[in-house]
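Notes follow the structure.
The values are calculated or read from the model by the stated rules, or taken from the named source; none is laboratory data. The shown structure was predicted, so the numbers you read here are calculated from the model rather than taken from an experiment. Here Cβ is always computed from backbone atoms with ideal geometry, including for glycine, and neighbour counts include all displayed protein chains.
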Amino acid sequence: MRRPPGGLAASMKIAVIGTGNIGSTLGGRWREAGHDVVYGSRAGSGDGPGGAPLTSVAEALGDAEVVVLAVPGPAVADVAAANGAALAGKVVIDAANRIGEPEVNSRAAITTAAPQAHYVRAFNTLGWENFADPPAGAAMFFAADPAARPAAEELITAVGVEPVFAGDADASGTVDALLPLWFALVKHNGGHRRTALGIVSS
């Protein structure tokens with residue numbers, strides 16, 4: 001990262017790789033919060049979601065301080081492998097799920113391709129509807145390398161949910177364990193996807 005942990009400025013340069021529901025919703029919320037967002041996609045160039053710039057993945061990564069991988073889960077490894085050098089030193093947020101795999105996160109693939117990247121596991125255990133219009137008291141559990149934690153907390157807060165630190169990158173599996181719980185809650189709530197977890201302390 002260019003900015004030291006704890007010294008983040010109000011605006012970060014964020015590359016969102018993927019223009020689906022998760023990527024477009026997160027990017028829109030961060031733009032509203034004053035962050036500089038560009039989308040990377042195989043589609044080429046033009047206007048991305050909300051009118052944000054849309055470029056190739058390689059071009060989007062160029063000036064980014066934070067990279068959000070919001071492509072389908074099976075594609076994360078390929079994106080990381082093709083852009084490993086460009087991810088070095090950046091905060092890389094793994095927001096994708098490899099549904100049906102023994103590990104639903106892509107931490108191993110990302111850190112193998114870019115061992116100097118600062119890994120974050122977040123934005124994968126709630127539906128995108130909860131980022132577009134967060135329920136009151138909603139919390140986002142996340143895991144992060146120490147150098148990436150301040151940026152992750154700032155960006156989670158900017159979306160409108162409470163950041164809850166579950167541990168360093170080794171705790172990614174702990175975060176992932178909340179995904180089947182969320183699915184179960186949605187199912188038992190009549191399919192209502194605007195369902196979230198919260199933290200209560202006394």
* Asked: ALA108 fails exactly one of the following numbered conditions: (1) under 22 Å from VAL37 (Cβ atoms); (2) more than 15 Å from the chain's Cα centre (by Cα). What is the number of that condition?
  -> (1)
* To do: Filter the stretch 131-146 down to the residues that are out of contact with any Gly (no Cβ under 9 Å at 6 or more places or on another chain) and touching a residue at least 40 places away in the same chain (Cβ under 8 Å), then identify the one that is surrounded by the most Cβ atoms within 10 Å (Cβ to Cβ).
  => PHE141
* Asked: Looking at (1) part of a helix (DSSP H, G or I); (2) surrounded by fewer than 24 Cβ atoms within 10 Å (Cβ to Cβ), can you tell me which one VAL104 breaks?
  -> (1)
* Restricting attention to the stretch 154-198, which residues are under 21 Å from ALA132 (Cβ atoms) and polar (S, T, N, Q)? -> THR157, ASN189, THR195
* Asked: Looking at PHE142, is it part of a strand (DSSP E or B), at pLDDT 95 or above and under 15 Å from the mean Cα position of the chain (by Cα)?
  -> yes
* Asked: Out of curiosity, is GLY89 more than 15 Å from GLY23 (Cα to Cα), modelled with pLDDT under 95 and assigned to a loop (DSSP other than H, G, I, E, B)?
  -> no
* **Test: PRO163 is touching a helix residue (DSSP H, G or I) at 6+ places or on another chain (Cβ under 8 Å) and modelled with pLDDT of 95 or more** => yes
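Listed here are the residues, each with its yes/no results for (1) within 29 Å of PHE183 (Cβ to Cβ); (2) in a loop (DSSP other than H, G, I, E, B).
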{"residue": "THR19", "(1), (2)": "yes, yes"}
{"residue": "GLY34", "(1), (2)": "no, yes"}
{"residue": "LEU54", "(1), (2)": "no, no"}
{"residue": "ALA60", "(1), (2)": "no, no"}
{"residue": "ASP63", "(1), (2)": "no, yes"}
{"residue": "VAL67", "(1), (2)": "yes, no"}
{"residue": "VAL71", "(1), (2)": "yes, yes"}
{"residue": "ASP78", "(1), (2)": "yes, no"}
